[in-house]
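I have placed the structure first, in the form of structure tokens, so that the comments after it can refer back to it.
The values are calculated or read from the model by the stated rules, or taken from the named source; none is laboratory data. Because the structure is a prediction, the values reported are computed rather than measured. Every residue, glycine among them, receives a Cβ derived from its backbone with ideal geometry; neighbour counts consider all protein chains shown.
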Amino acid sequence: MLSLVSVNIEGRMHLDRVMPFVKAQQLDVLCIQELCEPDLEAFGQVIGGTGFFMPMMRLPEGVRATGGQGPVTLGVGIVSRFPITSHRIHYYHRASETTPEFDNATVESKHATQNLGVLVADIEKEGVQYRIATTHFTWTPRSGEPDDFQRADAKKLLELISPEGEFAFCGDFNAPRGGEIDALFTEHWREQIPVEYTTSIDVSLHRNGQKNPDDFDNLMVDHFFTTPSYAAHDVRLTFGVSDHAAIVGKLEKLA
């Protein structure tokens, strides 16, 4: 089996918590969302492996997630202590052929200045090949309610990842469990996070969660999906790591 963690680390806001947590897990694979590109190497050193990065946007100086160390490229990453035999990027929304500079002014400007995609890695452990995918899906401002940007991107995501066949897919999907977009995904994949968890937002570390904690009671927006050839075991959420809980679990290849 493959031990796995997936977590949205909010750039450099929580590295003092994230790094010790990752080291203590002694995990095989780490999927990271909102990762600053220069920090990929440090996570590789903590795990004792290597990884790959998918750029999404350029954050200018002064943006909170840079921790005062901008400008920097933000995206997602997969790090493994076992060999990554191949990797691919599938962009389901491409704002630019290059990495765009993020404009946080409006919902429209946010979507227009991000390259949104899926990072896929094939990882070999003890002769078994695992296919792992991660994403930071399209954000919506209306308490998890979908908009047309999410609907269009979800459709394109499904088209692009379907040819990958069998895989495990985890990340920050910005789509609450039981909602319209989540229902679309669970038509194709099985959710592995136990139903007793009702939210994946850590209100003690989330900037807006501290102001309005009740708004985040039913926001299970981080997901761990699998196709039929995979089974997940001992899946749990760990809080106190970042503004999103970390997904922790083990992955078994069935066929």
Counted residues, the stretch 133-189 - those being surrounded by fewer than 17 Cβ atoms within 10 Å (Cβ to Cβ), at pLDDT 95 or above and under 18 Å from residue 247 (Cβ atoms): 1
Restrict the check to the stretch 92-101 and report whether at least one residue is among the small types (Gly, Ala, Ser) and either farther than 30 Å from residue 167 by Cα or modelled with pLDDT under 95 (or both). yes
Among 18, 72, 63, the single one that is in contact with a helix residue (DSSP H, G or I) (Cβ under 8 Å, 6 or more places away or on another chain) and in contact (Cβ under 8 Å) with a residue 24 or more places away in the chain is 72
Looking at the stretch 216-255, which of the residues that are touching a residue at least 60 places away in the same chain (Cβ under 8 Å) and among the hydroxyl-bearing types (Ser, Thr, Tyr) is surrounded by the most Cβ atoms within 10 Å (Cβ to Cβ)? 242
Residue that is nearest to residue 130 (Cα to Cα), among those in the stretch 54-84 that are of a type in the set (D, E, K, R) and crowded, with 18+ Cβ neighbours inside 10 Å: 81
